[in-house]
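> Here it is: the structure, laid out below.
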Amino acid sequence: MVPNLKRGIGLVAASFIVLNGIIGAGIFALPGELSSQAGLLGPWLILLFGAFIAMIAWCFGALASYFKTSGGPVTYASQAFGPLAGFQVGWLLYVGRATSLAANTNVLFNYAAYFWEGVNSEFSKLILFIVIIGGLTIVNVMGIKSAMKAINLFSLLKVLPILVLILFGLPYVSPDGFLPTDFPVIDDFGTLILLILYAFVGFECVLFTTEETKNPTKTLPKALITTVGAITVVYFLIQLVYINIVTIDNNDAPLIELGRVVFGEAGVSIIIITALFSIMGTATSILLTAPRLTFSLAKDGSLPQWFSRVHTKYNTPANSIIFLGVFGLLLGITGTFVYLAVASALARILAYIVCILSLPIIRKKADQATRKKALKLPGGFLIPCLALLVCIVAVVFSPLKSWLYLFGFLSLGGLLYFINSRHKSNA
């Protein structure tokens with residue numbers, strides 16, 4: 001008998017997954033770049049793009065209210081446009097999560113370097129990549145309860161210091177430090193847009209756990225909408241505090257100087273430790289949720305069945321988890337944060353476009369009882385149209401280098417899909 005996945009994720013746990021999917025390397029790497037490019041306009045750009053992301057998350061909340069099985073965006077695209085579209089969306093989101101895993105780990109080293117300068121040597125990075133990603137891979141293979149305990153712990157350790165930093169930093173904000181006096185000249189607007197979006201994307205990761213979530217049609221929309229809204233406020237405040245306090249930008253580890261001004265030298269250690277826990281939490285969340293995506297694709301027949309094997313003892317998609325660990329490790333040791341982050345954001349935005357377009361089709365196909373229980377969006381399809389417009393603008397402004405990265409990742413997905421199709425035709 002094939003073991004089934006267990007429904008062990010409630011509203012709080014789902015919210016923590018969303019939180020960890022979003023808050024990671026982005027908030028610890030973005031403020032310096034955003035400050036140097038946009039100045040006092042930066043916090044308001046965060047608020048603006050946070051509102052845009054909230055609209056996208058709202059669309060995904062509506063989509064989630066129609067389904068109780070795992071797959072999330074893969075299921076949405078497949079139901080609306082067929083299995084090939086489902087695979088393409090699934091692989092795009094998977095690439096987004098894998099590159100995010102690698103990007104997060106790279107930023108972790110930037111902060112850890114303040115404790116140990118040797119961490120940035122190639123050999124040290126290789127060993128630590130293996131230890132960190134390998135250890136988190138093992139934790140996730142050992143069961144969802146073990147992974148959720150780690151995520152809950154990392155969530156508390158990452159959020160509380162950030163909130164304290166905001167609380168003690170707000171008195172430094174002057175009346176003239178809220179609004180820009182002139183519009184700044186932004187050198188690379190496309191990259192900056194994707195970097196801001198990268199700090200917000202990742203909310204969709206919780207949708208991959210639908211089959212392991214209690215009452216998913218109600219739990220997932222609530223977790224998405226409330227958590228994205230709260231994170232937008234936190235991001236706005238941390239950027240506002242940063243731009244008013246820090247005079248020397250450190251784009252590799254920007255919040256260290258902020259911690260130094262607010263708390264003195266002790267603040268440096270506090271920020272570094274917070275960054276390490278935050279990034280570890282996000283990496284754990286990625287290794288929990290993204291393998292459920294390849295697991296779902298394999299169950300649907302789009303990927304080799306090897307990805308759909310469930311561990312007989314721990315009831316987890318062990319092969320999918322191990323594959324992601326190896327993939328993330330290879331990306332991490334060969335890439336840098338900015339390139340990986342931009343590629344991650346672009347991949348997910350393309351997938352968002354397909355999913356948003358699938359909403360009216362899924363609603364039309366649903367039976368009357370399902371449609372009645374599903375989440376209703378105020379204004380009809382106004383929010384999906386605005387969300388779609390935001391995604392298209394981001395894609396249009398995407399730099400060429402991000403497309404080149406993405407093309408390479410999509411080629412790998414196409415190869416796996418082709419191998420699986422040949423295997424099925426010969427069976």
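> Could you run through the range 208-226 and say how many residues are touching a Phe, Trp or Tyr at 6+ places or on another chain (Cβ under 7 Å) and either small (Gly, Ala, Ser) or modelled with pLDDT of 80 or more (or both)?
Total meeting the criteria: 2.
> In addition: For Thr316, are the conditions met, namely being assigned to a loop (DSSP other than H, G, I, E, B) and either in contact with a helix residue (DSSP H, G or I) (Cβ under 7 Å, 6 or more places away or on another chain) or surrounded by fewer than 17 Cβ atoms within 10 Å (Cβ to Cβ) (or both)?
Considered against the rule, which asks whether it is assigned to a loop (DSSP other than H, G, I, E, B) and either in contact with a helix residue (DSSP H, G or I) (Cβ under 7 Å, 6 or more places away or on another chain) or surrounded by fewer than 17 Cβ atoms within 10 Å (Cβ to Cβ) (or both), Thr316 comes out as yes.
> Anything in the range 289-306 that is assigned to a helix (DSSP H, G or I) and surrounded by fewer than 24 Cβ atoms within 10 Å (Cβ to Cβ)? List them, or say none.
Of everything in the range 289-306, those that are assigned to a helix (DSSP H, G or I) and surrounded by fewer than 24 Cβ atoms within 10 Å (Cβ to Cβ) turn out to be Ala298, Lys299, Gln305, Trp306.
> Could I ask something else about it? Counting just the residues of the range 9-29 that are of a type outside the set (A, V, I, L, M) and in a helix (DSSP H, G or I), which one comes out farthest from Phe277 (Cα to Cα)?
Ranking the qualifying residues of the range 9-29, first place goes to Ser15.
> Enumerate the pairs (first residue in the range 378-405 and closer than 12 Å to Trp58 by Cα; second residue anywhere and buried (at least 19 other Cβ atoms within 10 Å of the Cβ) and not aliphatic (A, V, I, L, M)) with beta-carbon separation below 8 Å, excluding pairs fewer than 6 apart on the same chain, so at least 6 apart or on different chains.
Once the first residue is closer than 12 Å to Trp58 by Cα and sits in the range 378-405, its partners that are buried (at least 19 other Cβ atoms within 10 Å of the Cβ) and not aliphatic (A, V, I, L, M) give Ile383/Trp58; Ile383/Cys59; Pro384/Cys59; Leu386/Phe52; Ala387/Phe52; Ala387/Trp58; Ala387/Cys59; Ala387/Tyr352.
> I'd like the residue in the range 89-100 that is over 12 Å from Ala343 (Cα atoms) and not aromatic (Phe, Trp, Tyr) and, out of all such residues, is modelled with the highest pLDDT.
Step by step, filter the range 89-100, then rank; the result is Val89.
> Residues of the range 347-361 being among the β-branched types (Val, Ile, Thr) and closer than 13 Å to Thr75 by Cα, which ones?
Those that are among the β-branched types (Val, Ile, Thr) and closer than 13 Å to Thr75 by Cα: Val354, Ile356, Ile361.
> Moving on to the next point. Run down Gly82, Gly86, Gly72, Gly90 and say which single residue is small (Gly, Ala, Ser), at positive phi and buried (at least 24 other Cβ atoms within 10 Å of the Cβ).
Result of the check over Gly82, Gly86, Gly72, Gly90: Gly72.
> Answer yes if at least one residue in the range 363-381 is surrounded by 13 or more Cβ atoms within 10 Å (Cβ to Cβ), within 21 Å of the chain's Cα centre (by Cα) and either of a type in the set (Asp, Glu) or at pLDDT 85 or above (or both), and no otherwise.
Within the range 363-381, not a single residue is surrounded by 13 or more Cβ atoms within 10 Å (Cβ to Cβ), within 21 Å of the chain's Cα centre (by Cα) and either of a type in the set (Asp, Glu) or at pLDDT 85 or above (or both).
The values are calculated or read from the model by the stated rules, or taken from the named source; none is laboratory data. The model shown is predicted, which means the values in this text are computed figures rather than measured ones. Counting neighbours? That spans all protein chains shown, and the Cβs are built from the backbone with ideal geometry, glycine included.
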